[in-house]
Amino acid sequence: MALLPIKLVPDNTKIDFVGVRMIAFAITLIYIVVSLSFVGFKGLNFGIDFKGGILMEVKTKGPADLNSMRTRLDSLGVGEVSLQGFGAPDDVLIRLEHQAGDEKAQEVAVDRVKGVLGDTVESYRRTEFVGPKVGQELIEGGVIAVVASVLAIAAYVWFRFEWQFAIGAIVALTHDVIGTFGIFSILGLEFNLSSVAAVLTIAGYSINDTVVIFDRIRENLRKYKSMDVKELINLSINETLARTIMTSMTTLLAVTAVFAFGGEVLRGFSFAMIFGILIGTYSTVYVASSVVIYFGIRERISGGNVGGAAEAGKGKSG
């Protein structure tokens, strides 16, 4: 018995994406402003990678009693203490803020933690020290990595298509990157090196889908020489809509599984990916493609009629 194909998107959809572009632009602007406001005034909840401190991964004897462990560690007076269970019930991450003094002061704090936890801990799997200076260097490196990646992507789109498309890509990527930073600040989620990796991955994912739509727009510009640009962009988005939704859904399924079962260590990364896929799909469909309308793309696209005279006639009649 043959299996029937599953169609998430009907054939020949005619959704007017461009028609709501002003609403999409307003939503994009508002979200960027809100995100920048939160990041600027509230800031990001930097993890130990950036602000420095002590990270200890321990295995307890039996399921961990986080409340009891937290009470013991708070009594030490070593500053901010954070405990998180991850993976198995007996796996715990302990984070302590950076202690005043040199490396010996950090080691003293670790010894005090070991002393107060006593025989409740079966083993200490790892202990890491990150100084504030190193954390500041990592912040600067992360910013440079994000900015450089966005500029490199814009340069690629410019070279691959035209500068008008590069502007659309930059607007969409700016929305995605700033939006991801914003959601971390709004929700107070820990932002660490894996979060930076997620932001870079989101940028790459978003531009991949954007390039597919841009390529179809350029193809249709050569094929339908008389069609209105807004109508042509709508046609291009609708023609690639099934591919866009299928790619987003399959990626979301994989990342959601990581979020649900990957443990605390991968929680920030997987959450950023889930959010980034959603807003990346939105910005690709509603923002990036609509921006190019205002820069005269038809006049800039040259080349023969790849679809032949018959297709050109079809475009005129449409």
Of all lysine pairs in the chain that are eight or more residues apart or on different chains, those with Cα atoms under 18 Å apart total 15
If one compares the long axis through the Cα atoms of helix 103-117 with the longest principal axis of the Cα atoms of the chain, the angle in degrees, nearest 10, works out at 70 degrees
From DSSP H assignment alone, runs of 4+ in the chain each adding -39500 (n - 2.57), the sum over residues rounded to the nearest 500 puts [θ] at 222 nm at -20500 deg cm²/dmol
At 20 °C in a medium of viscosity 1.002 mPa s, the chain has a Stokes-Einstein diffusion coefficient, with Rh taken as the Kirkwood radius over alpha carbon pairs, in µm² per second, of 95 µm²/s
Output for the range 39-86: chymotrypsin sites (Phe, Trp or Tyr not before Pro) sitting in coil per DSSP, at most 15 other Cβ within 10 Å, listed by number, reads Phe86
Longest the chain segment clear of trypsin sites (Lys or Arg not before Pro) sitting in DSSP loops (not H, G, I, E or B) with at most 13 other Cβ atoms within 10 Å runs 62-318
Expressed as a whole-number percentage, the relative contact order of the chain with C-alpha contacts under 8 angstrom and at least six residues apart is 25 percent
Semi-axes (Å, rounded, descending) of the ellipsoid equivalent to the range 82-232 per its C-alpha gyration tensor are 49, 17, 11
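Any read-out appearing in this document is the output of simple, stated calculations on the displayed coordinates, not a laboratory observation. Quantities reported herein were computed from a predicted structural model and do not represent experimental measurements. Don't worry about glycine lacking a Cβ; one is built from the backbone with ideal geometry, like all the others, and counts go over all protein chains shown.
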